[in-house]
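Okay, structure first, notes after.
FYI, it's all coordinate maths here, none of it is from the lab. Model, not experiment: these values are computed from the prediction. Every residue, glycine as well, gets a Cβ built from its backbone with ideal geometry; the counts of neighbours run over all protein chains shown.
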Amino acid sequence: MFPIAHGWLLAEVTEQPTAADYLGCVWPDMLFGSPLAHPQSHRSGAQLLAFARGAPAGAARDEFLAFVRGVITHGAEPHGFDWFSDEGYGGESGHDKGFAFQRGEPLAQRAAVACDVPEEMGLWKAHNLVEMSFEGPLYAANPDAAHALAIACADDALMRRIAEPLGRFFAHEPEALAESMRRYTSMVTLTPTTLDALGEKYAQQTRYRHAGAQPDAHAIATLIGEATDLLAAERDDYLTTCLSGVRATLAACGL
């Protein structure tokens, strides 16, 4: 999912989330220029939690534990929000794709054209546009969570503190991890009040990730709007499933 959705979910499943929680809930996607790969940030929640719990007691440990709690609400393993979006949604019948990939299939070919990427990348782009269709409604549902998220993502001292244990865990220089955190807010919108704003940001991300691509921001915005309408009837049921699943994951982790 995209940042506002992650902040919204965090506020729903965590009592009195801290700035570290909010930073953690989007950190797995802070990969612009990061030395980490997507699987490292999205599938290391349990290991990060064990690492955090092994630290000496004190304020630094408590802050890092809160950050890891946020990470777990986001990731794929253990099952956070992105598990349901990307990897498994559909109840007992089971699916090998998450909600956003399933619902993105009808948009895949047009998404590839709008983003100016090869056709085989269309489904990935379409699933992102499905995810982006949640940003506006969830921003309206809880602007306070979006504001708290923005404050956390602008807290350079917090990012530097968190980068230290992350650097030890992943065996990377903390400054490289902190720099990718700082870059994040220039690559997303934390005030998704219009489809055009979302389309412009996704076009920017596409240019960053695909050298030479010339995405059409207006066409992207149109597809996000189409996804918004397409999913309106089932949006609440999907979110309810995600909330229940992430609460269960946090309980299983002792959080």
- Rounded to whole Hz, the Karplus (6.51, -1.76, 1.60) HN-Hα couplings of the range 31-40, x for glycine and proline: 10, 6, x, 7, x, 8, 9, 3, x, 5
- When the convex hull of its Cα atoms is projected in every direction, mean area for the range 34-120 (nm²): 7.9 nm²
- Query: Can you give me the Cα centroid spacing of the range 58-123 and the range 1-49 in angstrom?
  - Reply: 12 Å
- Query: What do you get for Rg/Rh of the range 134-255 when both radii come from the Cα atoms and Rh is the Kirkwood radius?
  - Reply: 1.03
- Task: Take peptides 245-254, 40-49 and line them up by average Cβ neighbours within 10 Å, highest first, as a rough protection proxy.
- Result: 40-49, 245-254
- Once you've got the GNM for the chain with C-alpha springs shorter than 10 Å, pick whichever of GLU234, GLU12, GLU63 has the biggest mean-square fluctuation. GLU234
- Message: With Kirkwood's inverse mean 1/r over C-alpha pairs for Rh, give me the Rg to Rh ratio of the chain, two decimals please.
- Response: 0.95
